[in-house]
Amino acid sequence: MNLSYRWLQALAPDLTDPPAALADRLAGYGAPVDELLPLGEPLRDIVIARVQTVRKHPAADRLSLCDVEVGSGPLLQVVCGAPNVREGAYYPFAPVGAVLPSGIELKKTRIRGQESQGMLCSERELGLGRDHQGIMELHGRFNPGEPLVPALGLDDVRLVVDVTANRPDLLCHYGVARELAARGEAGLTLPEVPGTAAAGDGAGPRGAAYVPDLVRAVDSVALGGVTVRLEDPAGCPRYLGAVVRGVTIAPAPEWLASRLRAVGLRPINNVVDATNYVLYELGQPLHAFDLARLAGPEVVIRRAAAGETLITLDAERHVLSEDMLVIADADRPVAVAGVMGGLDSEVTAQTRDLFLECALFDPRTVRIARRALGLPTEASYRFERGVDPEGLERALRRAVALISAVAGGATDPAAADLYPQPRTAPLLTLRPSRVSHVLGSPFDADSVASYLEPLGFAVVERTGHELRVRVPGHRWYDVWREVDLIEEVARRHGYERFPDRLEPARPSAVPEDPLFALEDRLRSHFVARGFLEARSAALAPAEDGDVALLNPLSSSESRLRRALLPALLRHLEYNFSRGARHVRLFEIGTVFAPGPVDEPPRESTRVAAVFTGSRLPPHWSEPVPELDVWDLKALLAEMADLLQLGAAAVRPEPGIPGAAAGRTGLRGADPLLEPGVFTPGLTFGVWGEAAALLGRGGPVERTLLHAPAWAGRVWGLEFLLPYPPLPPRTPAFRPIPAFPATERDLALVMPDQLTAAAVEATIREAASSLLEHLAPFDVYRGAPLPVGTRSIAYRLRFRAADRTLTDAEADQVVGRVLQRLKERLGVEPRT
């Protein structure tokens, strides 16, 4: 939201703080200022010039030679290519030596053989708008040579305020001034329209004759020959309309144009500029129709018929649907309600009579139309967040007064007010004791009221220890409960004023979900192994999800994801594209699958990881091995242990080649269900109870990644977290051994088809409780071993808790182990 510092001061005369101080206060109230932009600083070298004569350039058809008056000195010749330059008009002028906002310094130059001693400037060149089709003509009386900045009221500062979606009241100068003024709303006043006298009865800036009386009706009213009919009160709860006759369309006076330029708008004409002025002053969008171009004349607020079309003000043709609300005349739609008007009824230079609309449209209805048509506008931005239901009359009267002042004409004495179901302001109960309890500081009824009343809240009743507070219209959208009022008290009191101390607190009696505890253990496990946690949105493109969104933000995020690994691989590709080759990422999140008909989608929690690069940080002193299949298996085994799945849960499984053929990325694949994601032969499955597959891991197929040639093998895994998970094991205390251990090494010859896990399980079974530790330390293949066999060497550590084992006892256990291996598996020691 762009705000003008001078405009704020005009609304709140006691607002004397500098812009930086106002920015700090707004930040404390929850609306930080992103930028303070001095408007006049880049234009300090620009002056106002009057063009005395315009003649054709002798050597160029599209160029003109202008004699320009810039003060008491001689006339300056300027070569100008703008089609709108004319004699006697005033324009911004950059003399030789001036520096434009773009940083370009003007020099005396020759253009097609003619000398040019400066430049007549357009809005775009001055940073005051986007129009660069012609130079910026100034309307009014000026002194040639005077500085542009004070003459146009540009000695101003623009405040770019970050307004959250729940505070539409801050989308106008009046709302922000209410927040900043010392007395709040009581200290605000609408400034008089320049060139007019204040109304003697206080009815408005231009007097009672220019303030129409509202004629209230339920659904239809005929006034001044115009019939206004409301057919959809759900989409438009209230509709006001006034008729202004005999206007003269012309450029807006400079005071009005400069107000709009200060907030980044381009002046159009006096009527449109007046409605935009009210939009930025009071936050109420208005629209002016050319009354002569409305068939009937009728104004009908209704739903569009399927297939109806409308050419909007941007000259684009749109096909309307039945869920869109339109403003129509007797024959056709003339505007999309709350979004944009139609080209056929716009105000033009020939317009003499106006129908001025001031309405309250349903936010959801406006949002549907805006998104379907792709037409974001200043009006739709405010209607979607909610305009003040109690501010419509004030906005209409303000707009009528402004139009009468800048465009002339006479306003019909009666205006339409269709209001089928008048709303009443909500009344909330607020307990000062509750305010003190929630905020941790003492507050009484008087201090609470002193914070709320400047913001427009009214304390209508005090009973015992409670206040009855009336919520103003501009806060109906976000203040619904007592705690919302408490938040207002905290804002106005100042968060920085609350004491910084520790208070006694009672921990929650609600137990933590066991799944959250498991997720925390998994996070600690991954982080301890050098992984970084990624957070990806659950929204995914169509090929990565099976659950379609009813109202997607974009076509690239139209589904809910079915797996976590695709997003992690995209993060990995992002790192590859920036030269990072050592990457370890993991994510814990929710995935979605279609549920039964007429039921919500099924949700499940998974953990996924991708890793590539070196096992250890690279160092010049020695080569560092790359991450390999054993790192993957170790990680899977550790995760299976955290899930208490048992030692045999991780097992190799054959891949199915060819399933990923033709894919250029991991699109549409679920690592838990579809083959072809991981390289065949190096994939592991993780199995739970009843032979249920809980996860997979392996090297990601190279064809599924956009990876550079220098990238190493990429390993990935994805797990389904069981619910409810088993509680973590309780650590058991064991005293430090009091007796020494004895170790034996066994080199065993076994077939390649026999897994090491089966051999280890047999050793543990035969060795009984004396075996304290078992681990392989060597693998050998080759002569003199038979083809198809390998030798694995194990180290066995034995220890007894009550005595020192003898060599004879250890040898007896080893003999029993060898006998069991031979009988059960056919494994013998290597000789």
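The values are calculated or read from the model by the stated rules, or taken from the named source; none is laboratory data. This structure is a prediction, so every number in the text was calculated from the model and none was measured. No Cβ is skipped: glycine too gets one built from the backbone with ideal geometry, and neighbour counts run over all protein chains shown. For the accessible areas, the whole protein counts, side chains as well, though only heavy atoms, and no ligand, DNA or RNA atoms are used. Shrake-Rupley method; radii C 1.70, N 1.55, O 1.52, S 1.80 Å.
So the values come out like this:
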| quantity | calculated |
| --- | --- |
| Filter result for the condition that a residue is part of a loop (DSSP other than H, G, I, E, B), open to solvent by 20 Å² or more (accessible area, probe 1.4 Å), modelled with pLDDT of 90 or more and of a type outside the set (Val, Ile, Thr), over 83, 58, 101 | 58 |
| Any pair with Cβ under 7 angstrom, 6 or more apart, that starts in the range 15-31 at a residue that is without any contact (Cβ under 8 Å) to a residue 12 or more places away in the chain and ends at one that is among the β-branched types (Val, Ile, Thr) and assigned to a loop (DSSP other than H, G, I, E, B) | none |
| Check on residue 272, aliphatic (A, V, I, L, M), outside any loop (DSSP other than H, G, I, E, B) and more than 28 Å from residue 128 (Cβ to Cβ) | no |
| Selection count where residues are part of a loop (DSSP other than H, G, I, E, B) and open to solvent by less than 30 Å² (accessible area, probe 1.4 Å), scope the range 70-80 | 1 |
| Count of the range 138-194 residues which are in a helix (DSSP H, G or I), under 21 Å from residue 388 (Cβ atoms) and of a type outside the set (Val, Ile, Thr) | 14 |
| Matching entry among 325, 286, 291, 360 (being in contact with an Asp or Glu (Cβ under 9 Å, 6 or more places away or on another chain), of a type outside the set (Asp, Glu) and closer than 22 Å to residue 265 by Cα) | 286 |
| Residue in the range 546-560 that is open to solvent by 90 Å² or more (accessible area, probe 1.4 Å) and touching a strand residue (DSSP E or B) at 6+ places or on another chain (Cβ under 9 Å) present | yes |
| Qualifying residue in the range 294-315 (condition: in a helix (DSSP H, G or I) and open to solvent by 40 Å² or more (accessible area, probe 1.4 Å)) | no |
| Evaluation of residue 67 against (1) surrounded by 15 or more Cβ atoms within 10 Å (Cβ to Cβ); (2) of a type in the set (D, E, K, R); (3) in contact (Cβ under 8 Å) with a residue 60 or more places away in the chain (one fails), failing number | (3) |
| Test for residue 467: is it outside any helix (DSSP H, G or I) and either more than 30 Å from residue 608 (Cβ to Cβ) or out of contact with any Gly (no Cβ under 9 Å at 6 or more places or on another chain) (or both) | yes |
| Helices (runs of 4 or more DSSP H) contained in the range 321-409 and holding at least 3 residues open to solvent by 50 Å² or more (accessible area, probe 1.4 Å) and more than 18 Å from residue 276 (Cα to Cα) | 363-373 |
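Quick grid of which residues meet (1) in a helix (DSSP H, G or I); (2) on the phi < 0 side of the Ramachandran plot; (3) in contact with a Gly (Cβ under 7 Å, 6 or more places away or on another chain); (4) free of Cβ contacts under 8 Å to residues at least 12 places away in the same chain:
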{"position": "768", "(1), (2), (3), (4)": "yes, no, no, no"}
{"position": "777", "(1), (2), (3), (4)": "no, yes, no, no"}
{"position": "791", "(1), (2), (3), (4)": "no, yes, no, no"}
{"position": "796", "(1), (2), (3), (4)": "no, yes, no, no"}
{"position": "800", "(1), (2), (3), (4)": "no, yes, no, no"}
{"position": "808", "(1), (2), (3), (4)": "yes, yes, no, yes"}
{"position": "814", "(1), (2), (3), (4)": "yes, yes, no, no"}
{"position": "821", "(1), (2), (3), (4)": "yes, yes, no, no"}
{"position": "831", "(1), (2), (3), (4)": "no, yes, no, yes"}
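Conditions tested, residue by residue: (1) closer than 30 Å to residue 503 by Cα; (2) free of Cβ contacts under 8 Å to residues at least 12 places away in the same chain; (3) in contact with a strand residue (DSSP E or B) (Cβ under 9 Å, 6 or more places away or on another chain).
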| position | (1), (2), (3) |
| --- | --- |
| 432 | yes, no, yes |
| 438 | yes, no, no |
| 454 | no, no, no |
| 465 | yes, no, no |
| 473 | no, no, no |
| 477 | no, no, no |
| 481 | yes, no, yes |
